[in-house]
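Notes to accompany the following structure.
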Amino acid sequence: MLKSFAELSTPLVADACVRLGVPLRAAPPGIGAVTSGHRIAGRALPARHYGSVDIFLEAFTDARPGDVLVIDNGGRQDEACVGDLLTLEAQAVGLSGVVIWGLHRDTPELVEIGFPVFSYGGHAPGPVRLTEREPDALVGARFGAHLVTSADVVFGDDDGVLFVAADRAEEVLETARTIWETEREQARRIRAGETLRRQTAFDDFLARRAADPAYTFRQHLRRVGGAVEE
């Protein structure tokens with residue numbers, strides 16, 4: 001999955017979801033990589049945190065190489081739930097990354113380890129609580145407004161994190177690649193002196209919209225074959 005995502009980006013995946021009518025599920029703004037430039041793509045391995053790392057170690061028993069550990073810590077800002085040891089264990093298991101709806105700790109060590117970890121940021125205190133575990137703690141992880149399960153794929157880069165149903169992931173990636181190729185060609189033409197307005201026949205769009213106020217630029221892009229927005 002990461003290989004298929006290698007030349008793409010989360011904005012392209014998001015645009016592809018919109019184009020295909022696939023539910024667009026994004027992590028809340030502010031979730032980012034500990035180390036800029038890290039990318040993730042893989043099956044979600046969900047786990048809800050209750051104050052102890054034992055839930056993550058248990059999740060690893062069902063992990064497959066390339067999975068992404070998706071941690072639901074309720075977006076808490078008062079504790080970090082992942083540090084260097086858990087990250088090293090995730091790496092040893094063969095995971096491709098960790099995504100936390102919450103905070104991490106041991107930032108210098110995580111940078112040195114070089115394993116993709118995404119969170120709201122670093123925070124020194126770890127958990128001092130231990131709450132009751134729910135029966136489906138390893139079945140689904142809440143992440144912002146979304147419920148993420150093993151039936152989802154996680155994509156992440158410097159623009160954020162997205163969750164896509166696994167049975168639509170290949171289709172989404174293929175469409176994202178088509179959009180990428182169109183945008184790269186448009187960028188090349190802009191650099192060669194052909195403005196985006198000319199490429200998209202913008203004057204024609206304005207004339208059509210004047211005649212039909214319901215005519216949208218997205219409809220126009222479909223007609224002329226452009227890719228600027230979805």
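The values are calculated or read from the model by the stated rules, or taken from the named source; none is laboratory data. Bear in mind the structure is a predicted one, so any value in this text is a computation, not a measurement. Backbone-built Cβ (ideal geometry, glycine too); neighbour counts: all protein chains shown.
For the reader, a short list of remarks on this structure follows.
- Some residue of region 137-156 being over 16 Å from residue 73 (Cα atoms), of a type in the set (Val, Ile, Thr) and crowded, with 23+ Cβ neighbours inside 10 Å: yes
- Test: residue in region 121-129 that is of a type outside the set (A, V, I, L, M), farther than 19 Å from residue 57 by Cβ and assigned to a helix (DSSP H, G or I): no
- The set of residues from region 74-86 being surrounded by 21 or more Cβ atoms within 10 Å (Cβ to Cβ) and touching a strand residue (DSSP E or B) at 6+ places or on another chain (Cβ under 6 Å) comprises 80, 82.
- Selection within region 49-73 - in contact (Cβ under 8 Å) with a residue 40 or more places away in the chain, crowded, with 23+ Cβ neighbours inside 10 Å and either under 14 Å from the mean Cα position of the chain (by Cα) or more than 20 Å from residue 110 (Cα to Cα) (or both): 59, 68, 70, 71
- Subset of region 83-114 (residues that are without any contact (Cβ under 8 Å) to a residue 40 or more places away in the chain, touching a helix residue (DSSP H, G or I) at 6+ places or on another chain (Cβ under 8 Å) and either closer than 25 Å to residue 152 by Cα or among the hydrophobic types (A, V, I, L, M, F, W, C) (or both)): 86, 87, 88, 89, 90, 91, 93, 98, 113
- Residue match in region 179-198 (condition: within 30 Å of residue 45 (Cβ to Cβ) and either within 20 Å of the chain's Cα centre (by Cα) or assigned by TED's automatic domain parsing to the domain that holds residue 23 (or both)): yes
- When restricted to residues that are part of a loop (DSSP other than H, G, I, E, B) and at pLDDT 90 or above, region 202-230 contains 5.
- Meets criteria (part of a loop (DSSP other than H, G, I, E, B) and in contact (Cβ under 8 Å) with a residue 12 or more places away in the chain) for residue 137: yes
- Candidate set: region 92-115, residues that are out of contact with any strand residue (DSSP E or B) (no Cβ under 6 Å at 6 or more places or on another chain) and among the β-branched types (Val, Ile, Thr); chosen: the one surrounded by the fewest Cβ atoms within 10 Å (Cβ to Cβ): 111
- Where a residue in region 174-185 is assigned to a helix (DSSP H, G or I) and its partner, wherever it lies, is small (Gly, Ala, Ser) and at pLDDT 95 or above, with Cβ under 7 Å and at least six apart: 175/16; 176/16; 179/16
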